[in-house]
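*Asks:* Got a structure for you, questions after.
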Amino acid sequence: FSLLIIFVIVWALVVLGVLDLSTQDLLLSAEEVWTGNPASLLLSAFVHAEWYHFVLNAVGLLFFGGLAEKTPVSLRAALVFVVSAAYGNTVSLLLSPDPLIPSLGASGGMMGLLGAHITVQILIHPN
């Protein structure tokens, strides 16, 4: 639930105008990464463009994060999400046809949680 709390706080700060997405400080772009803001590789995973983007990611985080936390091994959903989000954003940046166009979202982190759950289920319960 800690990641969901971060999602809600960031969304509220954007809605209230405290965080301004037009500054692109939180968005992922090659320009941000190469000019001294490598944190955008991770921070962009907590920013959402529209309310429905936020809701879909929050529901996905609850579902996939809940699955990952219920696995019978010492799997921590937050760590999996953070590493997967940073990796997914790095790949997105490298494969982008125009690396100056910013991106955002938690898709890499969500897919990492899903992949971790599937992997653990296959390894622990192969039947």
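The values are calculated or read from the model by the stated rules, or taken from the named source; none is laboratory data. Since the model is a prediction, treat every value here as computed from it, not as a measurement. Heads up: the accessible areas ignore ligands, DNA and RNA and are worked out on the full protein's heavy atoms, side chains in. Shrake-Rupley method; radii C 1.70, N 1.55, O 1.52, S 1.80 Å.
*Asks:* His125 accessible area, nearest 10 Å², 1.4 Å probe?
*Replies:* Surface accessible to solvent at His125 totals approximately 110 Å².
*Asks:* Between Leu62 and Tyr87, what is 0.36 nm times their sequence separation minus the Cα-Cα distance? Round to one decimal in nm. It would help to have the intermediate numbers written out before the result.
*Replies:* Values: separation 25, 0.36 × 25 = 9.00 nm, distance 2.07 nm.
Stretched fully, the Leu62-Tyr87 segment lengthens by 6.9 nm.
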